[in-house]
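Engineer: Sharing a structure with you now.
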Amino acid sequence: MSTVQAVSGTWIALAEYENNDGIWIPFYASVAQISNGDYLDATGKPLSEDERYILYNHKFQRCIIADGILLIKKTERKVGGLTIWKTEKPYDYNSKLKWLVFDGENYSHGETLKDAKESLIYKISSRDTSAFNTWKNNDDLVISKEDAIKGYRAITGACETGARAFVDGLTNVPENITIKELCELTHGQYGNEKLRDFVRA
């Protein structure tokens, strides 16, 4: 589906589509000028050059493409270092509103805001382990659950699915843990030897 983002003063044109036996056909179109107060988005605000738009339900809707998924922004707020949106997937009429969280590097999706935030801790941007050098020869160092998961994945190469399945299978998930306890907790799991070698280096 068509989306557009343009600088202030630009005229834009978008079409809205309907599915006719598997063929998407435009049935409504509209034009607007970015930053012109006569042209408002679905929230009642002038179209902004800082936003991307899709035409949906006959209105210009603010949207975002996260992890290759096109989503309409229903609400937006910033909390700490996170940007949080409540979103709708256009043309998926059976879908419910979902949450999207962005920490400046990674997006995370969830049925609830809690799900989206928790999913974010499994995302890693790189396998750079330098951020975890303080773990070395420091058995009593206390780290957060989030840092434990990200560090374990970066150091061992464990996949997101495997890490999530392991944590979900724990009876009690500690919010904080020492390096020694992390090594003991993951004994027998994929990458545990790599973790032990790293912290003993």
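Engineer: Using a 7 Å offset from the Cα along the Cα-to-Cβ direction at both Tyr28 and Val7, what is the distance between the two label points in nm, to one decimal?
Structural biologist: About 3.2 nm separates the two model spin labels.
Engineer: Shifting gears a bit: Show me the chymotrypsin sites (Phe, Trp or Tyr not before Pro) within segment 1-94 that DSSP assigns to loop and that have at most 10 other Cβ atoms within 10 Å of their Cβ.
Structural biologist: Within segment 1-94, the qualifying chymotrypsin sites (Phe, Trp or Tyr not before Pro) (loop, at most 10 other Cβ atoms within 10 Å) are Tyr93.
Engineer: Based only on the alpha carbon positions, what is the Kirkwood hydrodynamic radius of segment 130-199, in angstrom?
Structural biologist: 12.0
Engineer: Would you list the P(r) distribution for the chain, with all Cα-Cα distances sorted into 10 Å bins from 0 and each bin expressed as a whole %?
Structural biologist: Going from the shortest bin to the longest, the percentages are 8, 28, 24, 17, 14, 9, 1.
Engineer: A follow-up question, please. I'd like the GluC sites (Glu not before Pro) in segment 61-113 restricted to DSSP loop residues with at most 15 other Cβ atoms within 10 Å, sorted by number.
Structural biologist: Glu105, Glu111
Engineer: Which of the chymotrypsin sites (Phe, Trp or Tyr not before Pro) found in segment 109-178 are loop residues per DSSP with 16 or fewer other Cβ atoms within 10 Å of their Cβ?
Structural biologist: The qualifying sites: there are none.
Engineer: What is the packing order of peptides 40-46, 191-197, 115-121, taking the mean over residues of other C-beta atoms within 10 Å and listing the highest first?
Structural biologist: Highest to lowest by the protection proxy: 115-121, 191-197, 40-46.
Engineer: Using the Cα gyration tensor of segment 11-120, with a ≥ b ≥ c the square roots of its eigenvalues, what is the shape: rounded (a/c below 1.5), prolate (a/b larger than b/c) or oblate (neither)?
Structural biologist: oblate
Engineer: Something else about it: Give Lys73/Lys114; Lys45/Lys86; Lys150/Lys194; Lys45/Lys96; Lys74/Lys150 a once-over and call out the pairs whose C-alpha atoms are over 21 Å from each other.
Structural biologist: Pairs exceeding 21 Å: Lys45/Lys96; Lys74/Lys150.
Engineer: Compute the relative contact order of the chain as a whole-number percentage, counting only Cα pairs closer than 8 Å that sit 6 or more residues apart in sequence.
Structural biologist: 11
Engineer: Let me ask something else. Give me the angle, in degrees from 0 to 90, between the Cα long axis of helix 145-156 and the longest principal axis of the Cα atoms of the chain, rounded to the nearest 10.
Structural biologist: Orientation of helix 145-156: about 80 degrees from the principal axis.
Each reported figure results from applying straightforward, stated rules to the coordinates on display, with no laboratory input. What you are looking at is a predicted structure, and each value in this text was computed from that prediction instead of being measured. So basically every Cβ, Gly included, is an ideal-geometry build from the backbone, and we count neighbours across all protein chains shown.
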